[in-house]
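Written below as structure tokens is the structure these notes are about.
Laboratory data are not the source of any read-out in this text; all were calculated from the coordinates shown. Predicted, not measured: the structure shown is a model, and the values here were computed from it. Glycine also receives a Cβ, built like all others from the backbone with ideal geometry; neighbour counts cover every protein chain displayed.
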Amino acid sequence: MAQALFYHLIRARPEDTARMLVARALGMGWRIMVRGGDPARLDRIDTRWWVEGEADFLPHGREGGPHDARQPVLIGQGPAVNGAVALVLLDRAEATLEEARGMERVWHLFEAADEAQMAAARAQWTRLTAAGIPAQYWSDETGRWVIKVEKKGEGG
């Protein structure tokens, strides 16, 4: 069942949080789409995951290659053509209601210092929960990830 998790990044960096979530999802055998609104950040993530990947490699590809559909993790701005069941959203990237319903998890990462990201996350929360998708709001303000708010889905 679809679940939306909103990560309010006060101390953590988006790249580090995305890496943590992707590693966990891969461990569960899921395919993942990392979608962002900033191509430069996506390039940095791609490069970092290759360079720092020797000890803890995350198999992935950058959108636009000949093997997008085969990538366990696809990084880009477009649709999840790799059969993803989990979606990481960065820099105000969005998921449609239909897409979100078809995922196991949709993670929205938004930075506290960016008001536009905060507003976009609020709008996504409202839209998804109004559609009956269960959601959790997480914060790292204490230095650890803590659930601050949880909204049950339809019938809950």
*So what's the back-of-envelope 222 nm ellipticity for the chain, counting only DSSP H runs of four-plus at -39500 (n - 2.57) apiece and dividing by all residues, rounded to 500?*
-9500 deg cm²/dmol
*Assuming a viscosity of 1.567 mPa s and a temperature of 4 °C, what translational diffusion coefficient in µm² per second does Stokes-Einstein assign to the chain, Rh being the Kirkwood radius over Cα pairs?*
83 µm²/s
_Explain nothing, just compute: Karplus ³J(HN,Hα) = 6.51 cos²θ - 1.76 cosθ + 1.60, θ = phi - 60°, for every residue of the range 60-76 in order, whole Hz, x for Gly and Pro._
7, x, 8, 3, x, x, x, 10, 3, 5, 9, 6, x, 10, 10, 10, x
*At q = 0.23 Å⁻¹, what is the base-10 log of I(q)/I(0) for the range 48-125 according to the Debye formula with one equal point scatterer per Cα and no solvent? Please give it to two decimals.*
-1.12
*Could you give the dipole magnitude of the chain about its Cα centre, charging the beta-carbon of Lys and Arg +1 and that of Asp and Glu -1, in debye to the nearest 20?*
360 debye
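Ranked highest first by average number of other Cβ atoms within 10 Å, how do 27-33, 16-22 line up?
Final packing ranking: 16-22, 27-33.
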